[in-house]
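One structure is given below, encoded as structure tokens.
Please treat every number below as a calculation from the coordinates, not as lab data. Just so it is clear, the structure is predicted and the values come from calculations on it, not from any experiment. A quick note on method: Cβ atoms are made from the backbone with ideal geometry, for glycine too, and the neighbour counts reach across all protein chains shown.
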Amino acid sequence: MHIILLINDNFRGIFMIKFIIALSISSLTLLCILALVPIQLDGNLIYLQDETNDQYVTDQGLNSDDFSHIEKSLIFNDDLQYLAKSTSVDFIVSSVNPYVFSRDWSFTGSLEYDSTSIIIPNSYLFIDSDDFYHILITFEFPSRYANNHLLNLSYSEHIEFQLEQYGMILKYKDREFMTLESTSSQIAQDGFYEIYNPGFTQYFKNPTCRGYYYFKLVPIDTYEISVVSLTANFFERQEPQTDIILLGFSGFRPNPNQVIYIPQTIDLFYIKEDLI
Amino acid sequence: MILFTFLIIGFLLFFVIFSMKLLNIVKQRNFDHTIAFFRKYLYVIFFSLFIFYILMVVLTGIYLSTYEYIYVLFFKTLIHLLFFIAIFNRAKQIITNLEVNLIFEESNADLTFQIGSYFIYMAIVEIVSGFILSIVNFMMNTTWKEFYFQVNTTITLFFAIGLILLVVSFILRKAIELYNENQLTI
């Protein structure tokens, strides 16, 4: 219709070109506005930087930029003393049986070893003023991925890991927004911990999602904790691709029910010094 | 990410303005101007397509082992690239003929016929290779078996363009016959 008008009527043709140019300029302007306007999450609690918390974490010999404001306030409020940090190690499939090495093939088959996970995990060991050990496991990933994970912990059977707090925040510039609070429902199932990204996506700003698990280490019976050894396996869940590649009239797609996990492991080891 | 978005928007804007300018020039009914602009238009459109397809071939080639069915995309892009090169060459020859005022020539009708045939061949090659690949895929895959069929608009469009061009080539052939008879009468 427009093409016929364009060819037949000179005035309308020029008008159409001007209309398209005006439409394009207004779309570009709209995109610029969307890209530059800061994120506003009304109703979500905003955590702001606290100098006292930052100073406390720095005094512990840690880099305050490695922690979110809520994590720093947690360290400060519980009066925690830093002891050790985890290191990244090779992933080894853990046994489902504690005495005989046996694999769970249904899960092992869905692991993809070649890919690199986008999740950056870390764990820190602290001790509080009552001589209780605490472990803070943190992880970070770009928020544009509606990405979820599974966390599996291996530790000594003489220690009980009590999950005290967990959460997920959205970090944008110097502000942090709470997106998931620790009062939510049970997160540990079948030996795996899992907290979901609420799915907030911002294509132009790309904030980061940051989650944490805060555990208290409680000795079982009369056991006195002298060695802390923790192996934490992070499995990044990759949802199956739903894209169909068409060649002629034939379509090709991967198995839509096959969820793939990219594994990575962090290891934390600490021996109490006065033991020797 | 922002830069990439603006690049795509810029490209689309350029494409729209270029097409509008083409319509404007066709409307003026100046044969030489129109043919000269058609050459420019052909080069811009086909070179953009070539760059896109070559990039796609390279990218799919790099990620061939990474994703499960990327080889299908690789085949598809390769088929399109080869046929578009052939179509571009024929289209270029037609425009060269028109530039030197060779309009009612047998070669023009032949070239139009060839372009139309290439569009139809491209669709047929894609359909057949897709069918063969799905059979192989169905037989080789042990864990996940699926035979998937879907309506493909692009293929239908290729068929339509091909058939229209074949009809145009027949009309042109008839016109050449009439033109030649007319020349003999004079």
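Relative protection proxy for B:6-19, A:53-66, from highest mean packing down: A:53-66, B:6-19 (other beta-carbon atoms within 10 angstrom). Within the stretch B:138-167, the chymotrypsin sites (Phe, Trp or Tyr not before Pro) that combine a DSSP coil assignment with at most 14 other C-beta atoms in a 10 angstrom radius are B:Trp144, B:Phe147. Here, the protein assembly as shown has an Rg and a Dmax of 32.6, 119 Å when only alpha carbons are counted. The C-alpha atoms of chain A define a longest principal axis, and helix A:10-36 lies at about 10 degrees to it.
Electrostatic bookkeeping for B:Leu73 treats Lys and Arg as +1 and Asp and Glu as -1; over the other residues with beta carbon under 15 Å from its beta carbon, the sum is -1. Partner shielding of A:23-36 amounts to 2, given as the average count of beta-carbon atoms from other chains within 10 Å of each residue beta-carbon. Note on B:Met140 and B:Gln183: the model spin-label points, each 7 Å out from Cα along the C-beta direction, lie 5.5 nm apart. The HN-Hα couplings worked out from phi for the stretch A:215-229 by the Karplus form 6.51 cos²θ - 1.76 cosθ + 1.60 (θ = phi - 60°) are 10, 10, 8, 10, x, 8, 6, 9, 5, 9, 6, 10, 10, 10, 10 Hz, whole numbers, x standing for Gly and Pro.
With a Cα cut-off of under 23 Å and a minimum spacing of 8 residues unless on different chains, the lysine pairs in the stretch A:42-275 number 10.
Each peptide in B:128-135, A:222-229, A:262-269 gets a packing score, the mean of other Cβ atoms within 10 Å over its residues, and the list from highest to lowest is A:262-269, B:128-135, A:222-229. Computed from the Cβ-Cβ distance with R0 of 22 Å, the FRET efficiency linking A:Gln55 to A:Ser229 stands at 0.10.
Using the Cα gyration tensor of the stretch B:36-89, with a ≥ b ≥ c the square roots of its eigenvalues, what is the shape: rounded (a/c below 1.5), prolate (a/b larger than b/c) or oblate (neither)? Cα axes put the stretch B:36-89 in the prolate bin.
If we sort A:101-109, B:76-84, A:171-179 on the protection proxy, mean other Cβ atoms within 10 Å, highest first, what's the order?
The packing order, highest mean first, is B:76-84, A:171-179, A:101-109.
Partner shielding of B:150-161 amounts to 2, given as the average count of beta-carbon atoms from other chains within 10 Å of each residue beta-carbon. The calculated 222 nm mean residue ellipticity attributable to helices in chain A amounts to -6000 deg cm²/dmol, summing -39500 (n - 2.57) over DSSP H runs of n ≥ 4 and dividing by all residues. Compared with the alpha-carbon gap, the fully stretched path from B:Phe147 to B:Thr34 is longer by 35.9 nm at 0.36 nm per residue. Here's the picture: a label point sits 7 Å out from the Cα of B:Ile85 along the beta-carbon direction, and within the stretch B:45-62 the residues with their amide nitrogen under 11 Å of it are B:54. Spatially close Lys pairs in the stretch B:2-185, defined by Cα atoms under 27 Å apart and a spacing of eight or more places or different chains, total 9. For the stretch A:153-166, 3J(HN,Hα) computed residue by residue from phi via the Karplus equation (6.51, -1.76, 1.60; θ = phi - 60°) reads 10, 10, 8, 4, 6, 8, 10, 9, 9, 9, 6, 8, 7, 8 Hz, glycine and proline entered as x. Set the Förster distance to 30 Å, then compute FRET efficiency between B:Leu102 and B:Ile9 from the Cβ-Cβ distance, nearest 0.05. With R0 = 30 Å, the Cβ-Cβ based efficiency is 0.15. Answer rounded, prolate or oblate for the stretch A:42-275, using the Cα gyration tensor with square roots of eigenvalues a ≥ b ≥ c: rounded when a/c is under 1.5, else prolate when a/b is larger than b/c, else oblate. Taking the square roots of the gyration eigenvalues as a ≥ b ≥ c, the stretch A:42-275 is oblate. The mean number of partner chain beta-carbon atoms within 10 angstrom of a residue's beta-carbon across peptide B:125-134 is 4. Helix B:70-99 and the long axis of chain B differ in direction by around 10°, with both axes built from C-alpha atoms.
For A:His149, the residues whose amide H sits under 5 Å from its own are A:Ile195, A:Arg237, ignoring neighbours fewer than 5 places away on the same chain, with H placed 1.01 Å from N.
In order along the stretch A:119-135, the phi-based Karplus estimate (6.51 cos²θ - 1.76 cosθ + 1.60, θ = phi - 60°) of 3J(HN,Hα) comes to 7, 10, x, 8, 9, 10, 9, 10, 10, 9, 5, 8, 6, 9, 7, 9, 10 Hz; Gly and Pro are listed as x.
Rounded, prolate or oblate for the stretch B:2-185? Axes are the square roots of the Cα gyration tensor eigenvalues, ordered a ≥ b ≥ c, and the cut-off for rounded is a/c under 1.5.
Taking the square roots of the gyration eigenvalues as a ≥ b ≥ c, the stretch B:2-185 is oblate.
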